[in-house]
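Nothing in this text is a laboratory measurement; each read-out follows from the coordinates by a stated rule. Because the structure is a prediction, the values reported are computed rather than measured. Glycine also receives a Cβ, built like all others from the backbone with ideal geometry; neighbour counts cover every protein chain displayed.
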């Protein structure tokens, strides 16, 4: 009697162990037949409903025998529904990959290429925002243009995606960005792979000004006395103060316009234009259609046109619609990395660059689990 109780206890424990072990990753390395026979040796002497040897063999040979823990559960009283599912079994939930990726040659336009690869629209918009106005996702691709991108879940919103890292080769230029959350911080910024902070705004400040003398919006004109829209901002500065390009682009106009006086207009990707008015002088290198780089000299502050004093009238337009320049222009970019942060940054970036390089170009969109994305430097 004591032996019977002991064996019943062993049987119960064995059942539990085998069912749990069947869910583990090591199960696939064991022979289902050996496990089932071993279980039978333990339980058959004490099982209330004796299972004949032929019945055991039949269960091993059933289609479901590839997952023997299901057969074991059925043998111990767990019922099956008519469709073969266990009525008391919890559904198996596959965890969603923490990171997605894509690499390929850019054909047509960058936006079209990413759309064909099913890269989420929100990731496309994040790329456009990070590199605006230097990169136009709708511009025709050049021979040799490629895109490598990693993105994952946004920790602040499970329904959203966050760009983790990207490397673009477009028109002979290389664009790189990586999302980094410094240790001990809750928010992050985008940096180039060599640790340089990317501009927090698409345009840089075109001059070192003394003060903002007139903001964007409706105002009473200081000369005309009329209440009208001010389509830019005025930066008061001494005459002759250098004025530089707020972003790389192409010279669209150089000359004189009524009201604006001497003005330079630059074209940028995504329909942006920047306007620099009331200049006292132009840079000699400026020619219509000639490319300029961010920070390149355009001219000097003056008071030509309709102006009460020396200042720069600065406008930003998107498809010719005026936008408050202060919402798109910043004095500085992301915060510089400290020595400790740089060590953490280099460690993370090295792993991400290896992942980007390992992506096969022109392969279908890859789904991959990224250990890096799950650590403290994951999107936040």
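Some notes on this structure:
- Taking 7 Å steps out from each Cα toward its Cβ at residue 257 and residue 208 produces label points 2.9 nm apart.
- Added length on full extension, which subtracts the Cα-Cα distance from 0.36 nm per residue, residue 267 to residue 284: 4.3 nm
- Packing here is the average count of other Cβ atoms within 10 Å per residue, and on that basis the peptides 102-110, 268-276, 220-228, highest first, run 268-276, 102-110, 220-228.
- Using the Cβ-Cβ distance between residue 236 and residue 319 with R0 set to 35 Å, the FRET efficiency works out to roughly 0.75.
- Ordering 175, 190 from the fewest to the most neighbouring beta carbons within 10 Å gives 175, 190.
- Of the peptides 176-187, 247-258, the order by per-residue mean of other Cβ atoms within 10 Å, starting with the highest, comes out as 176-187, 247-258.
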